[in-house]
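J.: Handing you a structure now.
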Amino acid sequence: MSTVLVVEDEAAIGELIAINLRHAGFEVKLAADADIAQREVDRELPDLVLLDWMLPGQSGLQLARRWRGDARTRELPLIMLTARAEEADKITGLDAGADDYLTKPFSTKELLARIRAVLRRKAPEALDAAVEVQGLRLDPATRRVTRRVEGEMREVKVGPTEFRLLHFFMTHPERVHSRAQLLDRVWGDHVFIEERTVDVHVKRLREALGPVQCAGLVETVRGAGYRLTQQLGSVAA
């Protein structure tokens, strides 16, 4: 399930967009201004942001530029929502870093089509791009996992399933994933295996990460599942 952050200061419009997106299968978070939006993004990166141009305080345009200037949010998919329909405004929005630009009023069907199109365009980049958390670097292109420990670059030896599991965790940090969700996203919904199989592979992944002092990145959330934390600590068994 993809997460969409809707940054919209008009509550009625934001709620309407949220209802339609949830009905279409998206997880939705709402932010009424740029400060709230920044806090949400700092806490957990969404899969896509719907960003209103006109916001109280800092504008959506300024926020887009800030995100594009930050390495963590540089590739964050952005669709600008605005009542500004002039060509010059669209160019300004796109130049600020928006992946697409939708003028109000717009239909739900068009909005969903634009969201899916942006996510499709971004998906290959996300799959191929190297990701890094706490110095642990995973490169899908070379299938290597590395981390510098005491001045020496060390390679983490992981099996293909653990590699896919780690890649999923690292591209969705701080989110809690149930065993069923992990089976669906990592193994595929067509595979019928026991949920406890996830525990076995998480254990193997932690053991592989131990020599580079990263076993603590993969946390157990009791009664809920697992998450990859961006703060190294002790392992919750």
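Only the coordinates and a few stated rules stand behind these numbers; no lab work does. Keep in mind it's a predicted model, so treat the numbers as computed, not measured. Virtual Cβ from ideal backbone geometry, glycine too; neighbours counted across all protein chains shown.
J.: For the chain, give me the percentage of DSSP beta bridges that are antiparallel, rounded to the nearest 5 percent.
T.: That works out to approximately 50 percent antiparallel.
J.: Which net charge results when you count Lys and Arg as +1 and Asp and Glu as -1 among the other residues whose beta-carbon is under 10 Å from that of LEU136?
T.: Result for the local shell: +2.
J.: Each label point is 7 Å from the Cα along the Cα-to-Cβ direction; what then is the distance between the points at GLN231 and ILE91, in nm?
T.: 4.7 nm
J.: Run the numbers for ASP128 and ASN20: contour at 0.36 nm per residue of separation, minus the present Cα-Cα distance, in nm.
T.: Taking ASP128 through ASN20 to full extension adds about 35.8 nm, to one decimal.
J.: Now a separate question. Hey, quick one: spin label on VAL221, modelled 7 Å out along Cα-Cβ, who in segment 2-21 has an amide N within reach, i.e. under 20 Å?
T.: 2-6
J.: Something else: As an exercise, use a Förster radius of 30 Å and the Cβ-Cβ distance of ALA71 and ARG185 to find the FRET efficiency, rounded to the nearest 0.05.
T.: Calculated transfer efficiency: 0.75.
J.: If Lys and Arg each add +1 and Asp and Glu each add -1, what is the summed charge of the other residues whose beta carbon sits under 10 Å from the beta carbon of ALA83?
T.: Here the charged neighbours net out to 0.
J.: What angle, in degrees between 0 and 90 and rounded to the nearest 10, separates the Cα long axis of helix 11-23 from the longest principal axis of the Cα atoms of the chain?
T.: Once rounded, one gets 50 degrees.
J.: I've got another one for you. Subtracting the Cα-Cα distance from 0.36 nm times the residue separation, let me have the gained length for VAL149 to ARG43 in nm, one decimal.
T.: Going from the current span to full extension adds 35.5 nm.
J.: Taking 0.36 nm per intervening residue step and subtracting the Cα-Cα distance, what contour gain separates LYS104 from GLU27 on full extension?
T.: 25.5 nm
J.: Largest first and to the nearest Å, give the Cα extent of the chain along each principal axis.
T.: On the principal axes, the chain reaches 56, 42, 29 Å in Cα extent.
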